Amino acid sequence: MLTAAEAADQLGVKLGTIYAYVSRGWLKSYRRRVGRQALYRRADIDALRGVVSAEPGRRGRSLPAASTWVTVAQPRGIDAGAPGVIVAESAVSNIVEGKLAYRGYPIEEVVEHASFEETCLLLWNGERPSAEEARELMAEIDGARMPPPVAAALAAAGYDAPPLLRLAAMMPGLAAWELRQPQDSPIDRAELIVSQLPLALVPTGQKLPPPTLPPGMAGRLLRCANGAEGSEWEAAALNRVLVACAEHELNASTFAARVVASTGADLFAAVLAALCSLSGPIHGGACDRIAAMFKELEAGARLDGCLNAFTREHRLPPGFGHAIYPGGDPRAALLKTVAESIGKHRGARLFEIAQRVEAAVWKRERLRPNLDFYLTVSTLMLGFPRSLPAAIFAIGRAAGWIAHALEQYADNRLIRPRMRYRGAPLRHWT
């Protein structure tokens, strides 16, 4: 058996390339009974010799060239009812016939059985982690302390800055701090980023209450954003929300992360690019509009009046419809169940309003809710401020952004698509 470093040395490739071979099924990894280190059979490494090329940035003829990922755009139907352009290959997630899977595991099973930390490690490494690996990531998240450059960046942004902006402000500070630390592996950087993100949501000057639940992202987020860790059922509900948000193939923010990663920029820059993309009203802004709609309805506004306003403005109701899921977003169905379970503990008024909205939109528009709708419902029912659903989504989705950036690094070629010119014909200045 060989360690990852030994296997990479044998093949003359970078360490990240070994992880990419595992994620794509070209190489199988094995775990030690004790510790986190992955091992590889020498016979499997020998079998790959001659198939892969040691020349940096290139692969042997037996494996598809990375250029086919980005220079051949295929405008065709990806799935029934969802036209699009194929610009990349990935082993992180897939959507087939309206069904989503993380690394081959159906989303329903991952949401039901996996912790957020297990989901992160699954997406990053390609295989289910050991219990010890997941516990180590949970402990890192629970014990994270903010480096001074990050604290300075957040102080400059101000607590009244939008939560997504505060998350974005962390990335340059983390990058500056990490430059002065011993060189870490990409997975170590991934764990650093994920462990720091909840700290952006702590109000200025507020001290975190002591933990009372087992460590992990859900309890940490409750303490950071709500000022109290809450109960086991609250942490379990929030964990399901985070797992459902963790990954969704090549949406705008994920593509932004991959483009930046393809330039060789570090992981902090890739996550920053994703956060900047998410801040746009067409992408991450839906949660804010959904929260605003619920605020009006809870204040006594008539549902028909709200929906008529969207019709007059030629806009769809926020949180409804998805091009990839004409039959309904499976993640919304999962989080609807989460919201219903929260209602049994916290009161079901908001959930009942959400059901009325869902029924009315289906009757008027024949549209089903998407992830954003029941993500917002669930987080508001858990007591988070109305400004935070998009930030909670971002913290969950950081797992997928990082997974795609790591995959891009491992088998990289600069992403440089082409455009069709539709401007003025050739002309001369003089």
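Readers should treat all values here as calculations from the given coordinates under stated rules, not as data from a laboratory. These numbers were taken from a predicted model, which means no experiment stands behind them. All Cβ positions, even for glycine, are placed from backbone atoms using ideal geometry, and neighbour counts span all protein chains on display.
The table for this structure:
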| read-out | value |
| --- | --- |
| Given Lys99/Lys336; Lys207/Lys336; Lys295/Lys344; Lys99/Lys295, the pairs whose alpha carbons are separated by over 27 Å | Lys207/Lys336; Lys99/Lys295 |
| Surrounding net charge for Ala200, when Lys and Arg each add one and Asp and Glu each subtract one, Cβ distance under 15 Å | +4 |
| Per residue Cα convex hull volume in Å³ - calculated over segment 171-303 | 164 |
| Computed log₁₀ I(q)/I(0) - Debye formula, equal Cα scatterers, no solvent, the chain, q 0.08, 0.13 Å⁻¹ | -0.47, -1.20 |
| Residue order, fewest to most surrounding Cβ atoms within 10 angstrom, among Asp46, Asp411 | Asp46, Asp411 |
| Spacing of the two label points (7 Å from each Cα toward its C-beta) at Ala176 and Lys207, in nm | 2.8 |
| Burial ordering of Glu118, Glu249, Glu296, fewest other beta-carbon atoms within 10 Å first | Glu296, Glu249, Glu118 |
| Fewest-first sequence of Lys207, Lys344, Lys336 by Cβ atoms within 10 Å of each Cβ | Lys207, Lys344, Lys336 |
| Summed side-chain charge close to Ser378 - residues other than Ser378 whose Cβ falls under 9 Å, Lys, Arg +1, Asp, Glu -1 | +2 |
